[in-house]
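Here is the structure we will look at.
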Amino acid sequence: MHAIFAGIILAMNRYKFFSSAKYNGISNAQLEAHVKKHYQSHIQGTTVINADKGITIYFNRTGKKKSTASLTRQKSIALLHVRELLEVARFKNFGLPKQKHISKHKALGFLNFHVKFFLDGKLVSYRIPVMITPNGKFQYDFHEAQKK
């Protein structure tokens, strides 16, 4: 019995827990509009420090524009909580930029982070890349994030 409680406490400290119940009954288009508005008013222009690497990650308009295109419900919930997720995400590896990122953003590369969280009781795993800009800053690039 104690092992069960210890396991629950460990999960609560290790993973974030989110619910999509608040958004039941609304269409994907309505949810997408809500996510865009939330990003603009609560995330865009802010920063977060990733605990694993100790780096400051910047959120700007670039990430929002692409990240809200054709959202799944899971990705919508993740985007609403992207600051919390990047704060606890673990560094996985470095990736070279694709040609489109070099020409459009002058990206030097990507730090790929991995995060797991519970959504409606199910464990979800995501990769969230953070772009390294020419001026050495780390920029959120959620439109490249993928469900693992």
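The values are calculated or read from the model by the stated rules, or taken from the named source; none is laboratory data. Just so it is clear, the structure is predicted and the values come from calculations on it, not from any experiment. Here Cβ is always computed from backbone atoms with ideal geometry, including for glycine, and neighbour counts include all displayed protein chains.
Assigned to a helix (DSSP H, G or I), within 15 Å of the chain's Cα centre (by Cα) and modelled with pLDDT under 90, is that true of Ile102? Spelling it out, it is not the case that Ile102 is assigned to a helix (DSSP H, G or I), within 15 Å of the chain's Cα centre (by Cα) and modelled with pLDDT under 90. Residues that are modelled with pLDDT under 85 and either in contact with a strand residue (DSSP E or B) (Cβ under 9 Å, 6 or more places away or on another chain) or loosely packed, with under 10 Cβ neighbours inside 10 Å (or both) within segment 22-33 comprise just one, Ala29.
Among the residues of segment 74-98, just one is crowded, with 16+ Cβ neighbours inside 10 Å and modelled with pLDDT under 80, namely Pro97.
Can Leu123 be described as in a helix (DSSP H, G or I), within 30 Å of Ser27 (Cβ to Cβ) and modelled with pLDDT of 80 or more? Walk me through it before giving the result.
Working: in a helix (DSSP H, G or I): no; within 30 Å of Ser27 (Cβ to Cβ): yes; modelled with pLDDT of 80 or more: yes.
So Leu123 fails the test.
Note on segment 34-48: among residues that are in contact with a Phe, Trp or Tyr (Cβ under 9 Å, 6 or more places away or on another chain) and farther than 18 Å from Gln74 by Cβ, the one that is surrounded by the most Cβ atoms within 10 Å (Cβ to Cβ) is Val48. Listed by first and then second residue, the pairs linking a residue in segment 49-76 that is closer than 25 Å to Asp120 by Cα to a residue that is among the aromatic types (Phe, Trp, Tyr) and at pLDDT below 60, with Cβ atoms under 7 Å apart and 6 or more places separating them unless they lie on different chains, are Ser67/Phe142. Met12 satisfies every condition listed in (1) at pLDDT 85 or above; (2) surrounded by 11 or more Cβ atoms within 10 Å (Cβ to Cβ); (3) in a helix (DSSP H, G or I) except (1).
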